[in-house]
1. Among DSSP beta bridges lying fully in region 117-191, give the percent that are antiparallel, nearest 5.
2. Under a Cβ-Cβ cut-off of 12 Å, what is the net charge of the residues other than VAL105 that fall near it, where Lys and Arg count +1 and Asp and Glu count -1?
3. Rank the residues LEU53, LEU65 as a footprinting-exposure proxy: fewest other Cβ atoms within 10 Å of their Cβ go first.
4. With 30 Å as the limit, write out which pairs from LYS63/LYS174; LYS51/LYS82; LYS62/LYS141; LYS110/LYS141 have Cα-Cα distances beyond it, or answer none.
5. Starting from the 7 Å offset along Cα-to-Cβ, what nm value, one decimal, do you get for the label separation of GLN175 and GLN100?
6. Quote the relative contact order of region 117-191 in percent (integer), defining contacts as alpha-carbon pairs under 8 Å separated by 6+ residues.
7. Computed FRET efficiency, Cβ-Cβ of LYS118 and LEU90, R0 30 Å: what is it to the nearest 0.05?
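Every number here is computed from the coordinates shown, using simple stated rules; none is lab data. Here the structure is a predicted model, which means the values were calculated and not measured. Every residue, glycine among them, receives a Cβ derived from its backbone with ideal geometry; neighbour counts consider all protein chains shown.
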Amino acid sequence: MKNKFLIIFLVVLILPSCVGVSSKGIFGTGVSVAFDPRSVGTQIDDSIMQKNLTARVLILDKKYLFSVNSKVLDGRIFLTGKVDDPEEKLKLTKMAWEIQGVRSVRNDIKVKEDFNFKQSAKDLLITSQLRTALILNRNIKASNYQIDTYKKKIYIYGISITSDEKEEVINEAKQILDVKNVIASILLVENLRIQKN
């Protein structure tokens, strides 16, 4: 069991580095290292936590690879996605809390229901509209945000440079047609443990 964990962890850690540096940055955090407001040390810590969590989720069950998403920002873990029953949701939350260095866990995982093509298409459209709005808004650094939509509820995770930027992101989300709710887990640079100089 220990060898299996080690092999999976090494594969998850090494394979992405074969791809090269792209817009995802060296550490795969979704934000370019040069423009990320976190210190390089915090980015590395978050990346290690992210890889550790991904490896543990893979060992638990491979089906979670595509159904559960996670994001680590400043030691805070955000979970989204869908699982089959509430016990799985609790198991994943417990696993996230067991990651060394975690400061908090926000679990927005939903329990699966019957597939609804119309609902899924609408959620994808909402996510695309918000992503486009963030990219076109010059006052927002769109690459600092991750967006998930489930049943017309938008979940936004990221880091804002200022509180005005944070408010602008939330307002952009609220302006999209048919959105029921906006759940924003946006950290301000000033609230990060260690900030980039």
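1. Counting DSSP beta bridges with both partners in region 117-191, the antiparallel share is about 45 percent.
2. Charge balance near VAL105 sits at +4.
3. LEU65, LEU53
4. LYS63/LYS174; LYS62/LYS141
5. 4.6
6. After rounding, I find 31 percent.
7. 0.50
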